[in-house]
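Novice: Can you keep this structure in mind? I'll have questions shortly.
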Amino acid sequence: MKLTILVGTMTGTAQLVAQELELVWDGDDVEVETLLMDDLDASVFGREGLFLLCTSTYGQGDVPDNSKKLFDDLATKRPDLAGVRYGVFGLGDRTYAETFNFGGMKFDTLLGDLGAKRIGERVQHDASSGVLPEEKAEEWAEGWLAQAREAAAQTA
Ligand SMILES: Cc1cc2nc3c(=O)[nH]c(=O)nc-3n(C[C@H](O)[C@H](O)[C@H](O)COP(=O)(O)O)c2cc1C
C-alpha cells in the first residue's frame, strides 16, 4: 500500500508529525512518501495510493503559505477527485478560538467538494493542550492505518 503525506507548515511542526508517521507506518507492505506542499499542484492527486494531509493553520484561519499554491490550484481547476481517499491531521491552537484548525478543515472541505472521500475522523491537534503533536500522531497512527487498509482493499 502506498501512502503520500502532504505537509503544509510554517515553522516545521507538521513536518515533525509527518516524520513520526513515517516511522510508524513505513514497513513491509506500506510505502510512505512525504512531500512538502510547496511546489505541488492538483496533479499530485494523480499519484497511486492514499493521502494524508498534514497541515497547520495561520493568519486568520488560513492554510500555511507553503500550501496556498496547491489549495488555490485545486480550488481553481476543480478536478474530479472521486477516486481519491485521504485523511487529515490538522495542527492548530485553541487560543485561536474563532479559527481553530481551519487549515485542515479547509482542505477537508475542498477535497470533499471535489469528490474525494475521507478515511476516519479529521484530527485537530491543539498546541495549547500540552500534548505534543508527534505524540498525538503516534497514538493515532495505528488506528488510522487500519482504516486506510480497509479503504485500500475496497478500492483495489
Ligand atoms: C501567527 C500565528 C497564527 C496562527 N493562527 C492560527 C489559527 O488561526 N488557528 C489555529 O488553530 N492555529 C493557529 N496557529 C497555531 C499553529 O497552527 C500551531 O502552532 C501549529 O502547531 C504550527 O504548526 P507548523 O509549525 O507546522 O506551522 C497560529 C500560530 C501562529 C504563530
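Novice: Just subtract the alpha-carbon distance of Asp93 and Asp38 from 0.36 nm times their residue separation and send over the number in nm, one decimal.
Specialist: On the way: separation 55, 0.36 × 55 = 19.80 nm, distance 2.26 nm.
17.5 nm is the gain from fully extending Asp93 to Asp38.
Novice: Ok, one more. Antiparallel DSSP bridges in the chain: what percent, to the nearest 5?
Specialist: 10
Novice: Suppose every K and R has +1 on its Cβ and every D and E has -1 on its Cβ; what is the size of the dipole of the chain about the Cα centre, in Debye to the nearest 20?
Specialist: 600
Novice: What does the convex hull of the Cα atoms of segment 2-155 come to per residue, in Å³, rounded to a whole number?
Specialist: 98
Novice: Based on DSSP H runs of at least 4 residues, each adding -39500 (n - 2.57), what is the mean residue ellipticity at 222 nm of the chain after dividing by all its residues, to the nearest 500 deg cm²/dmol?
Specialist: Estimated from H runs of four or more residues: -12000 deg cm²/dmol.
Novice: Only Cα pairs under 8 Å and at least 6 apart count here; give the relative contact order of segment 2-155 as a rounded whole percent.
Specialist: Contact order relative to length: 25 percent.
Novice: Under the Karplus relation 6.51 cos²θ - 1.76 cosθ + 1.60, θ = phi - 60°, what is the ordered set of whole-Hz ³J(HN,Hα) values for segment 58-66, x standing for Gly and Pro?
Specialist: For segment 58-66, the Karplus-derived couplings read 9, x, 9, x, 8, 6, x, 3, 6 Hz, x marking Gly and Pro.
Novice: Once the convex hull of the C-alpha atoms of segment 80-125 is built, how many Å³ does it hold per residue, rounded to a whole number?
Specialist: In segment 80-125, the Cα convex hull volume per residue is 53 Å³.
Here, each number is a calculation from the coordinates, and none is a lab measurement. Source: prediction; values computed, not measured. Methodologically, a virtual Cβ is constructed for each residue, glycine included, from the backbone with ideal geometry; neighbour enumeration extends over all protein chains shown.
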